[in-house]
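The next block holds one structure in the form of structure tokens; read it before the comments.
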Amino acid sequence: MTPTMEEYEKVLDFPNNGRKIYFRQKFKDTASEVVNLLGLGKISQCRVADGGFKWKFIKAGMKKNAEEGKLGDERYKLVAFTIFGLVLFPSKIRVISLEAANVFVEYEYDRINPSLAILAETMLSLNHYRMYGKGAMRCCSLMLYLWIVSHIETPKDIFNNFWWFDLRPLKVTIEKTWKN
């Protein structure tokens with residue numbers, strides 16, 4: 001029993017867009033693409049030694065936008081980049097990896113559906129952990145949790161095979177949990 005792409009697509013609720021899926025493009029410099037998309041300034045300020053982005057710098061950019069009262073694409077792109085880097089494709093603590101940045105750039109330019117990339121990262125991480133018996137999970141553990149819980153029979157209807165119905169699990173969970 002393993003997660004399928006359709007199940008992950010349903011959980012993530014990304015736009016379908018004719019089944020465009022992530023296929024890594026060869027950008028000359030993903031870091032400069034991200035800096036241009038997000039308006040971060042100098043690349044050297046926001047990069048770490050191994051090529052990722054400093055979370056502290058992204059967070060400062062988000063605070064600056066909030067203080068200046070900026071709304072719209074620039075602010076939302078920073079939030080989306082953070083979600084891609086820290087939740088969907090986690091790597092080191094307080095670092096957004098270049099892999100996450102690459103998927104983000106692909107999503108911004110082509111509106112691809114990253115569900116397959118997230119599923120592949122989950123399977124690779126589980127396989128690596130099984131083979132070596134040590135290390136940390138480097139995948140979206142929240143997605144894996146939702147998938148596992150949805151396949152366990154529970155007294156609550158919310159988690160009983162929700163993708164066979166026309167429900168959006170994250171939306172339903174939020175509505176049930178955050179009523180007030």
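Being of a type in the set (A, V, I, L, M, F, W, C) and closer than 21 Å to Ile148 by Cα is the filter here; which residues of the range 87-124 pass it?
Across the range 87-124, the qualifying residues are Val87, Leu88, Phe89, Leu116, Ala117, Ile118, Leu119, Ala120, Met123, Leu124.
Cβ contacts < 9 Å: first residue closer than 14 Å to Ser97 by Cα, restricted to the range 50-65; second residue among the polar types (S, T, N, Q) and surrounded by 13 or more Cβ atoms within 10 Å (Cβ to Cβ), any location; separation 6+ or different chain. Result?
Pairs found: Asp50/Ser97; Gly51/Thr30; Gly51/Ser97; Gly52/Ser91; Gly52/Ser97; Phe53/Ser97; Trp55/Thr82; Ile58/Thr82.
Name the single residue that is surrounded by the fewest Cβ atoms within 10 Å (Cβ to Cβ) among those in the range 111-133 being of a type in the set (Val, Ile, Thr) and not in a loop (DSSP other than H, G, I, E, B).
Thr122
Do we find that Ile58 is within 15 Å of the chain's Cα centre (by Cα), modelled with pLDDT of 80 or more and part of a helix (DSSP H, G or I) in this structure?
No: the conditions fail for Ile58.
Could you list, in sequence order, all residues of the range 80-108 that are under 11 Å from the mean Cα position of the chain (by Cα) and closer than 17 Å to Leu40 by Cβ?
Of everything in the range 80-108, those that are under 11 Å from the mean Cα position of the chain (by Cα) and closer than 17 Å to Leu40 by Cβ turn out to be Ala80, Phe81, Thr82, Ile83, Phe84, Gly85, Leu86, Ile96, Ala100, Ala101, Phe104.
Across the range 99-123, what is the number of residues that are among the hydroxyl-bearing types (Ser, Thr, Tyr) and under 21 Å from Ser32 (Cβ atoms)?
Final tally of qualifying residues: 2.
Where the second residue is of a type outside the set (S, T, N, Q) and assigned to a helix (DSSP H, G or I) and the first is more than 13 Å from Leu12 (Cα to Cα) and lies in the range 132-147, which pairs have Cβ atoms under 7 Å and are six or more apart or on separate chains?
Note: pairs meeting the criteria are Gly135/His128; Gly135/Tyr129; Met137/Tyr129; Cys139/Glu121.
Among the residues of the range 70-110, which ones are surrounded by fewer than 22 Cβ atoms within 10 Å (Cβ to Cβ), outside any helix (DSSP H, G or I), touching a residue at least 12 places away in the same chain (Cβ under 8 Å) and β-branched (Val, Ile, Thr)?
Val95
The values are calculated or read from the model by the stated rules, or taken from the named source; none is laboratory data. Everything numeric here is computed off the predicted structure, so don't read it as measured data. Neighbour counts are summed over all protein chains in view; Cβ atoms, including those assigned to glycine, are modelled from backbone coordinates with ideal geometry.
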